[in-house]
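**Q** To start, I am sharing the structure in question, which I have written as structure tokens.
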Amino acid sequence: MTRRRKAPAGLLLTPGAGSGADHHTLVAIQDAVAPLPVARVDFPYRKEGRKAPDRAPKLMASVLDDVATFSTGLGVGSNRLILGGRSMGGRMCSMVVADGLAAAGLILISYPLHPPGKPENLRVEHLPRLSVPCLFVSGTRDPFGTPDELEAFTATIPGPVTHHWVAGGRHGLDGVDAEICAAIAAWLAATYLPVS
């Protein structure tokens, strides 16, 4: 049995490109992981009332700012936080961790491996630089990446990788919040010591 890691001190959740921090899945996750502290955050373009996402460097800088605020408020380093979120938000979290931000783990829901219909436009360059435990929750019919594609590229991640496949699920994973929360709870229990 793999030795479990120190309990995380908090979970930072980011939304996908077309939604905000109040997305029902993020709210459900927050409720499911209680009493673990959770910060659900919005990207700058959402705060400014714009629909089009900013470019990756601005999104990544926003994640770093939110992590700094959250970790300071909890009185811990970023290495005690799990980061993640839906689609684009999870991808941004994975990129800042790959670029050197210390974290306890990543939860990546509907990871956008490539744009729909464009499997050649991969978003995987940073994956070999992830050494933290990673949970990928994806639908088996997600046009942003098939199970075979996702498993092939996540095999390049040096850290421990867990996949949870939602049968028949598409990118939005609508109507399966309970399944997503159960998968996250099971992964947390298997990977980390209990939150005290």
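Readers should treat all values here as calculations from the given coordinates under stated rules, not as data from a laboratory. Computed from a predicted structure; not experimentally measured. When we count neighbours, we look across all protein chains shown, and the Cβ atoms used for this are built from the backbone with ideal geometry, even at glycine.
**Q** Criterion first (touching a residue at least 12 places away in the same chain (Cβ under 8 Å) and touching a Cys at 6+ places or on another chain (Cβ under 7 Å)) does Ala56 satisfy it? Reasoning before the result, please.
**A** Working: touching a residue at least 12 places away in the same chain (Cβ under 8 Å): yes; touching a Cys at 6+ places or on another chain (Cβ under 7 Å): no.
No, not satisfied.
**Q** Hey, another quick one. In region 132-146, which residues are of a type outside the set (Ser, Thr, Tyr) and either surrounded by 15 or more Cβ atoms within 10 Å (Cβ to Cβ) or within 11 Å of the chain's Cα centre (by Cα) (or both)? Don't jump to the end; show me each part of the working.
**A** First, pick out the residues of region 132-146 that are of a type outside the set (Ser, Thr, Tyr): 132-137, 139, 141-145.
Those that are of a type outside the set (Ser, Thr, Tyr) and either surrounded by 15 or more Cβ atoms within 10 Å (Cβ to Cβ) or within 11 Å of the chain's Cα centre (by Cα) (or both): Val132, Pro133, Cys134, Leu135, Phe136, Val137, Gly139, Asp142, Pro143, Phe144, Gly145.
**Q** May I ask you to say which residue of Gly117, Gly90, Gly85 is at positive phi, in contact (Cβ under 8 Å) with a residue 24 or more places away in the chain and not in a strand (DSSP E or B)? Steps first, please.
**A** Working: Gly90 fails: at positive phi; Gly85 fails: not in a strand (DSSP E or B).
Exactly one residue qualifies, and that residue is Gly117.
**Q** Of (1) part of a helix (DSSP H, G or I); (2) touching a residue at least 60 places away in the same chain (Cβ under 8 Å); (3) crowded, with 16+ Cβ neighbours inside 10 Å; (4) in contact with a Ser or Thr (Cβ under 9 Å, 6 or more places away or on another chain), Ala190 satisfies all except one. Which?
**A** (3)
**Q** Confirm whether Ala52 is surrounded by 14 or more Cβ atoms within 10 Å (Cβ to Cβ) and small (Gly, Ala, Ser). Break it down stepwise before answering.
**A** Working: surrounded by 14 or more Cβ atoms within 10 Å (Cβ to Cβ): no; small (Gly, Ala, Ser): yes.
For Ala52, the condition - surrounded by 14 or more Cβ atoms within 10 Å (Cβ to Cβ) and small (Gly, Ala, Ser) - is not met.
**Q** Let me ask something additional. Would a scan of region 48-59 turn up a residue that is in a helix (DSSP H, G or I) and touching a Leu at 6+ places or on another chain (Cβ under 7 Å)?
**A** no
**Q** Cβ-Cβ below 9 Å, separation at least six or inter-chain, first residue in region 162-180 and on the phi > 0 side of the Ramachandran plot and touching a residue at least 60 places away in the same chain (Cβ under 8 Å), second outside any loop (DSSP other than H, G, I, E, B) and among the hydroxyl-bearing types (Ser, Thr, Tyr): which pairs?
**A** Leu173/Thr25; Leu173/Ser138
**Q** Quick one: count up the residues across region 78-126 that are surrounded by fewer than 23 Cβ atoms within 10 Å (Cβ to Cβ) and more than 24 Å from Ser19 (Cβ to Cβ).
**A** Counting residues in region 78-126 that are surrounded by fewer than 23 Cβ atoms within 10 Å (Cβ to Cβ) and more than 24 Å from Ser19 (Cβ to Cβ) gives 9.
**Q** Could you check Leu12 against (1) among the hydrophobic types (A, V, I, L, M, F, W, C); (2) in contact with a helix residue (DSSP H, G or I) (Cβ under 8 Å, 6 or more places away or on another chain); (3) closer than 19 Å to Ile82 by Cα; (4) surrounded by fewer than 20 Cβ atoms within 10 Å (Cβ to Cβ) and say which number it fails?
**A** Single failed check for Leu12: (4).
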